[in-house]
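All remarks here apply to the structure that follows.
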Amino acid sequence: MNRQNKKIIILGGGTAGWITANLMATHWQDKGFEITLVESPDIGIIGVGEGSTPPLKGFMETIGVSEAEWMPECNATYKVGITFKDWSLKPGFTEYVHPFVAQPDQFTIPAFFHNSFLRRKGIDLEGHPDQFFLATEMIRQKLSPVAPENFPFEIAYGYHFDSGLLGQFLRRVAEQKGVRYKEATVAGAMLDAQGNIDHLKTTDGEVLKADLYVDSSGFRGNLIQQTLKVPFISCAESLFNDSAIVFPTEQEENFAPHTISKAMKYGWAWKIPLTNRNGNGYVYSSSFVDADKAETEIRAHLGLLDSDVETRQLKFKVGRVAQHWAKNCLAVGLSQGFIEPLEATALDMVQETVVRFIEAYNNGDYTDKYRDEFNNRISARFDAVRDYIVCHYRISSRRDTDYWIANSTNEKISQSLRSILQSWMAGKNITDELLNQNLDIYFPNVSWNCLLTGKGIYPDQQQLRPGSDLANKYKIEDIREFNRRCALNFGSHCEHLRMLQSI
Ligand SMILES: Cc1cc2nc3c(=O)[nH]c(=O)nc-3n(C[C@H](O)[C@H](O)[C@H](O)COP(=O)(O)OP(=O)(O)OC[C@H]3O[C@@H](n4cnc5c(N)ncnc54)[C@H](O)[C@@H]3O)c2cc1C
């Protein structure tokens, strides 16, 4: 294929489409590619997806955008982790933080692993993750994770943002990079004799032709699923949620840099702080509760029974396509699949898909030479994320509704997750299990340890034994003091956001 003037059409202007446009325009700026993003004026974006993971910071840096430029425009705030509430009923374990690991944590993680391991052997040691991580201290003190220049360690953080505003912002940046924008609704796609997409046809009868098509059309999967008929592999038998109610609430004076995920009777509710409002959502399973009852539950929980706040109901499907890159089409975003939003991993998946695609396409000299390798890699990532999220439900000690009973007794989990849980309950070091399965690159060991210790998952023991001096080698007070002193380097979260707004 001729590399010069290669035409790319990105179908869809949601966050996935605009992230793709920016990454392709940045990485291929001197390659002479012509990139056009086509978006329907009639089909809206999904309008959720307001929490992220640390790689989004790398994305903004790659496309050359500073926090002062994008954050105020998107009402963005910082995020250093997710606080999980009420997922476990075990005393002492009803709440924990899954932190984004910061460099200073390298000093305290050995103590966390040591205590967590020996606690599973029945020794009376503090194993709750909240004692060990700087992010937890930042959340407690509502601090901004942006370190002063003289602080010699990296702090990993993500963001919360208004997804609609982020899309508009990314569109402007992409257009500055030469991406063309076209408003049109695509009615269908025609295939050539080899089964590649030959052209798209709009509802106005216009023909849009390219060499490469990116399907970012959302859950519809217009090209990858409808045109190319790539099978969709559902994971609904291990993840029951398929619906969400979303609505805003007023922002508080002073808020912490975290997402809150609170377990509810039939799912869980998120609270995401933006500078002008909180984004809220109740993710639930329609097999266990109807929309009205779910709405009443979340309204009662937030004291909104008499409020006229408008809510929006969404349906979603969980799973992934069998191939993310098929023929001359790359699926990115909801069109390629969705593992429910519990760990806010969808945009990370978007980024990973596009970056790995660019790498594979470049290495294959702009052919599909590395397509299978690419597809295997992205599918493995989806499956690993799925298992980490399934684990949240499988190990919950809630039994208050059929929903939680079905989740916690669900045997339809992957062999991979089963092995991790068996290894953990046998008191083994799960590092080996994760390494053997090559899983450490998705959710690292520390995340698995947080998930399991945070919910108080320990082998049944009659009584905990006091530890020897060797077992007690790490003093929790010293670790707390270390994190407290590290935290002295950081300022107020809200003040930092105000400072960004005034630049
Ligand atoms: C309840 C819920 C909560 C979520 N929370 C998070 C989170 O916290 N963090 C996270 O990372 N992700 C989250 N996600 C996922 C996140 O919302 C998406 O990954 C993200 O918004 C990207 O969506 P998209 O661009 O793929 O699709 P969409 O936003 O649906 O965009 C689809 C685009 O395709 C266009 N289009 C569709 N059909 C046509 C056509 N025929 N012709 C022309 N244009 C067309 C539409 O106009 C639109 O521009 C959540 C998802 C759900 C359902």
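The values are calculated or read from the model by the stated rules, or taken from the named source; none is laboratory data. The shown structure was predicted, so the numbers you read here are calculated from the model rather than taken from an experiment. With ideal geometry, Cβ positions are generated from the backbone for all residues, glycine too; neighbour counts draw on all protein chains shown. Side chains included, ligands, DNA and RNA excluded: accessible areas come from the protein's heavy atoms. Shrake-Rupley method; radii C 1.70, N 1.55, O 1.52, S 1.80 Å.
Computed with a 1.4 Å probe over protein heavy atoms only, the accessible area of Asp478 comes to about 100 Å². For the range 158-242, a simple Cβ point-charge model (Lys and Arg +1, Asp and Glu -1, everything else neutral) yields a dipole of about 260 debye relative to the Cα centre. Please give the residues of the range 214-246, grouped as numeric ranges, whose backbone N is less than 11 Å from a label point set 7 Å along the Cα-to-Cβ vector of Ala406. Of the residues in the range 214-246, 237-242 have backbone N under 11 Å from the label point off Ala406.
Each Lys and Arg adds +1 at its Cβ and each Asp and Glu adds -1 at its Cβ; summed about the Cα centre, the range 243-315 shows a dipole of about 360 debye. Across the range 304-420 the C-alpha pair distances fall into 10 Å bins from zero in the proportions 12, 33, 28, 18, 8, 2, 0 percent. Where in the chain lies the longest segment free of GluC sites (Glu not before Pro) that are both loop residues by DSSP (not H, G, I, E, B) and have at most 14 other Cβ atoms within 10 Å? It runs 1-148.
Using unit Cβ charges (K, R positive; D, E negative) and no other charged atoms, how large, in debye to the nearest 20, is the dipole of the chain about its Cα centre? It would help to have the intermediate numbers written out before the result.
Numbers: 53 positive and 62 negative charges, 170 e Å.
So the dipole magnitude of the chain works out to roughly 820 debye.
P(r) tail for the range 185-236, what percent of Cα pairs lie past 12 Å? Percentage above 12 Å: 66.
Note on Lys177: lysines with a C-alpha under 23 Å away, same-chain residues under 8 apart excluded, are Lys6, Lys7, Lys31, Lys57, Lys209. Counting every C-alpha pair in the range 355-433, the share spaced more than 15 angstrom apart comes to 67%.
What percentage of the solvent-accessible surface of the range 93-162, computed with a 1.4 Å probe over protein heavy atoms, is contributed by carbon and sulfur atoms?
Working: 1250 of 2550 Å².
C and S fraction of accessible area: 49 percent.
Specify the inter-centroid distance of the range 342-414 and the range 472-503, based on alpha-carbon positions, in whole Å. Taking the Cα centre of the range 472-503 as reference, the centre of the range 342-414 is 32 Å away. Bridgeable lysines around Lys473 (alpha carbons under 17 Å apart, same-chain partners fewer than 8 residues away excluded): Lys121.
Distance cut-off 21 Å, Cα to Cα: go down the list Lys271/Lys315; Lys293/Lys412; Lys90/Lys475; Lys142/Lys265; Lys201/Lys369; Lys142/Lys271 and report the pairs above it. Each step should come with its number before you reach the end.
Details: Lys271/Lys315 19 Å; Lys293/Lys412 27 Å; Lys90/Lys475 24 Å; Lys142/Lys265 29 Å; Lys201/Lys369 29 Å; Lys142/Lys271 15 Å.
Too far apart for the 21 Å limit: Lys293/Lys412; Lys90/Lys475; Lys142/Lys265; Lys201/Lys369.
Debye calculation, C-alpha points only, no solvent: report log10 I(q)/I(0) for the range 243-315 at q = 0.12, 0.17, 0.26, 0.28 Å⁻¹, in the same order as the q values. The Cα Debye sum returns log10 ratios of -0.30, -0.60, -1.28, -1.42.
Rg/Rh for the range 357-490 stands at 1.10; both radii use Cα atoms, and Rh follows the Kirkwood definition.
Diagonalise the Cα gyration tensor of the chain and give the resulting equivalent ellipsoid semi-axes, square root of 5 times each eigenvalue, largest first, whole Å. Working shown, then result.
On the way: eigenvalues 301, 128, 115 Å².
Ellipsoid semi-axes (Å, largest first): 39, 25, 24.
Only protein heavy atoms count here; on that basis, with a 1.4 Å probe, Arg172 has an accessible area of about 110 Å².
To put it simply, the accessible area of the range 243-315 at a 1.4 Å probe is 48 percent carbon and sulfur. Where both bridge residues fall in the chain, DSSP classifies roughly 70% of the beta bridges as antiparallel.
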